[in-house]
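What follows is a single structure, written as structure tokens, with notes after it.
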Amino acid sequence: MVKLAVTVNNRRRKDDPQDDPAQEFLDAVRDVEPLPDPGRVVHAPKPPTPLPLQRRKDDLEVLRDSLSDRVEPDLELESGDELMFLRPGLSRQVLRRLRSGYWATQDELDLHGSRSDEARALLTDFLALAVKRGHRCVIVVHGKGLSSKNREPVLKRKVASWLVQRGEVLAFSQARPADGGSGAVVVLLKGLAARRTATTDEDTEEE
């Protein structure tokens, strides 16, 4: 009889509504008054500005199309001739430093086996990315043309012409033997401060 009474008593405790956690919470907050409405309007956060990826693609397409295959008169090269260029107004010391490896190369593009149109697109994208990353000195491998028709460095001449047409290119010269020799060119790009000044000047002219 004693055991039966204990079991019934325990069953009653489990069924007691006062042991319900939800009811206990309601009882606890019964006398709580809500805070007055401050009248503030909470605006939804503004969505992030979309990246102009399509505009960048369009700009690259225009830039690729604007690079001519015409070789400048002073860039006419015979097979084996050393390739070099210095933007007018710059000291010859810039070219000497570039040839001696004064600036560490920060990236490299290999155009081996690329067709002309493909090489032009690759070079455009490569230089655009180098500028974005703030690189000053890069290497472009164009090959020596040994496997081309008549064993002429056709791509070498075109790369030189394309580089001259890019405003951010200050100078370029044949790479050192360890970096590719006559099959590559070392390119010096404008510093970040110079590019910002040029961009500001262009914006002012447009206004």
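The values are calculated or read from the model by the stated rules, or taken from the named source; none is laboratory data. Computed from a predicted model, the values in this text were never measured in an experiment. We place every Cβ from the backbone using ideal geometry, glycine too, and count neighbours over all the protein chains shown.
Okay, here's what the table says:
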{"read-out": "Matching residues in segment 112-127 - criterion: being among the hydrophobic types (A, V, I, L, M, F, W, C) and over 18 Å from the mean Cα position of the chain (by Cα)", "value": "119"}
{"read-out": "Qualifying positions in segment 175-207 - assigned to a helix (DSSP H, G or I), at pLDDT below 65 and charged (D, E, K, R)", "value": "195, 196, 201, 202, 203, 205, 206"}
{"read-out": "Which listed residue is assigned to a loop (DSSP other than H, G, I, E, B) and either farther than 15 Å from residue 83 by Cα or among the hydrophobic types (A, V, I, L, M, F, W, C) (or both), from 104, 119, 130", "value": "104"}
{"read-out": "Subset of segment 125-143 [touching a residue at least 60 places away in the same chain (Cβ under 8 Å) and surrounded by 20 or more Cβ atoms within 10 Å (Cβ to Cβ)]", "value": "127"}
{"read-out": "Residue tally, condition touching a residue at least 60 places away in the same chain (Cβ under 8 Å) and of a type outside the set (A, V, I, L, M), over segment 82-99", "value": "4"}
